[in-house]
Amino acid sequence: MNRLAIVTTAAPPSASGQARVLGLLLAQERDDPCHVFLSDQLQALDSSEGKFGLYVPLSAPRFQMMRTLRNKHFQRLNNYAGLVRDVLTRANEIVGAVKEHPVQVIVGCSGNPFDLPAAAIAAKRLQLPFVAYLFDDPVYQWEKGAYRSLARFWEKRWAARAAKVIVPNEVLAEDVRARVPSASIAIVRNPADLAQIAPRDLAAGQTLRPRPPPTAQAPWTVLYTGSVYSAQASAFQNLIAALDRTGGRFHLHVHTAQSETQVRDNGLVGPFVRRFDHLPQAQALTRQREADILFLPLAFESPIPEVVRSSAPAKIAEYLASGRPIIVHAPRGSFVSSFFTAREAGLVVDQPDVDALAQALTRLSENATLQANLVANARAAAKEFGVDRARAAFSAVLAEVG
């Protein structure tokens, strides 16, 4: 593989989904670390794990040109000027780092408003190929305001420089192509190591173990693992209302790094809801295999509906390969609901209908055949996210641009 300079908000090894994806794609080069990771978030690295290459810190953005101004019109200009300066400062830092640690390709990742344009500018100055790696929509992941305006301004410029634009799914590819018709787009699914995830009994061809209907004494566990924020909040609130309507037959367990206060602020509060601390990846996979039902939510009411539409959470592959039945509660037309519906890999409720969600929980818990069919279909769909397939797609992009 070409030697890469990767400009990213989250570098491996760390808990971020973006970092996990990059780590899986580059794991085969880990014994001979040749890549350079540039980030202003290197404090998030997991010091207990081995490194993936060289790490170069970038300075924290300052966001404004001057201190806050009282006049709102001047403050708006101040914000724009500060953001542009941050991009140019970051580009200079990338150029300096790559001159010291030569590479063949510069990869700029989405995640903040600075990395993509800064990486593109640096690549142009260094006369190196530039690849844009979009984990989310780089424009609409920001609410209306200075960030979104600058992201829209920069998108046409970094896209014109990009030899290739990598996206994790067809919906984001469609959205980017609509805005930048000339973009050369490649799809690389957010991968998972299926051999690590898949339970042995299912790997051996055994069927899903049956469960009796839930009771008040032994309620079923509906599990969610990961971040909780506005992109899932309204879907969680619908689930909690559904738990109330089923009279405690189902309990929601949430493992997350967000605090109890943050979880409550997103509406996750009720007699049948329990929050637990974030789990390391291996423990999270085990916990998923132990759950009765896995819950995959995306918000129906969100300040960033375009991002919800094209979102491809890293946990999709983990859920598909877990051997447990999945309930998807996400808007119709989103990548998540479309993918699971087309493959019949989960029970999909694509409308904000609390009664429909309660019925889905009850139906799934009482129908062992349905559970087994969904799990079988999910495990077949999981192969689309296999790490070997993703590495091959990623390597093909680098071979084409290098």
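The values are calculated or read from the model by the stated rules, or taken from the named source; none is laboratory data. All of these numbers come straight from a predicted model, not from anything done at the bench. Cβ placement follows ideal geometry from the backbone for every residue including glycine, while neighbour counts extend to all protein chains displayed. Ligands, DNA and RNA are excluded from the accessible area calculation, which covers all protein heavy atoms including side chains. Shrake-Rupley method; radii C 1.70, N 1.55, O 1.52, S 1.80 Å.
Select from 27, 5, 268 the residue farthest towards the positive end of the dipole of the chain; place +1 on Cβ of Lys and Arg, -1 on Cβ of Asp and Glu, and compute about the Cα centre.
Result: 5, furthest along the dipole toward the positive end.
Per the helix-only calculation at 222 nm, which mean residue ellipticity applies to the chain, given -39500 (n - 2.57) for every DSSP H run of n ≥ 4 and division by its residues, nearest 500 deg cm²/dmol?
Details: 16 runs with 179 residues, N = 402.
After summing the helix terms and dividing by residue count, I get -13500 deg cm²/dmol.
Please compare each pair in 99/156; 51/164; 124/156; 124/144 to a cut-off of 23 Å on the Cα-Cα distance and tell me which ones are over it. Each step should come with its number before you reach the end.
Details: 99/156 26 Å; 51/164 27 Å; 124/156 15 Å; 124/144 29 Å.
In this structure, 99/156; 51/164; 124/144 exceed 23 Å between Cα atoms.
Quick one: net charge around residue 137, please, counting Lys, Arg +1 and Asp, Glu -1 for every other residue with C-beta under 13 Å from its C-beta.
Values: positive: 148, 152, 177, 179, 309; negative: 136, 143, 155, 174, 175, 306.
With Lys, Arg at +1 and Asp, Glu at -1, the neighbours total -1.
Skip the ligands, DNA and RNA, and give the accessible area per residue of the chain with a 1.4 Å probe, whole Å².
Details: 17560 Å² over 402 residues.
With all protein chains present, the chain gives 44 Å² per residue.
Can you tell me the relative contact order of the chain? Whole percent, Cα pairs under 8 Å, sequence separation 6 or more.
Numbers: 781 pairs, mean separation 59.9, N = 402.
Answer for the chain is 15 percent.
Using only the alpha carbons of the chain, determine the length spanned along each of the three principal axes and report them from longest to shortest in whole angstroms.
Dimensions of the chain along the principal axes of its Cα atoms: 64, 54, 41 Å.
Rounded to the nearest percent, how much of the accessible area of the chain (1.4 Å probe, protein heavy atoms only) is carbon and sulfur? Can you show the working numbers first?
Numbers: 8880 of 17560 Å².
Answer for the chain: carbon and sulfur cover 51 percent of the accessible area.
Mind checking which helices in the chain clear 30 Å along their axis (Cα) and have mean Kyte-Doolittle hydropathy of -0.5 or more, DSSP H runs only?
Working: long enough: 72-100 (42 Å, -0.38).
The answer, listed by residue number, is 72-100.
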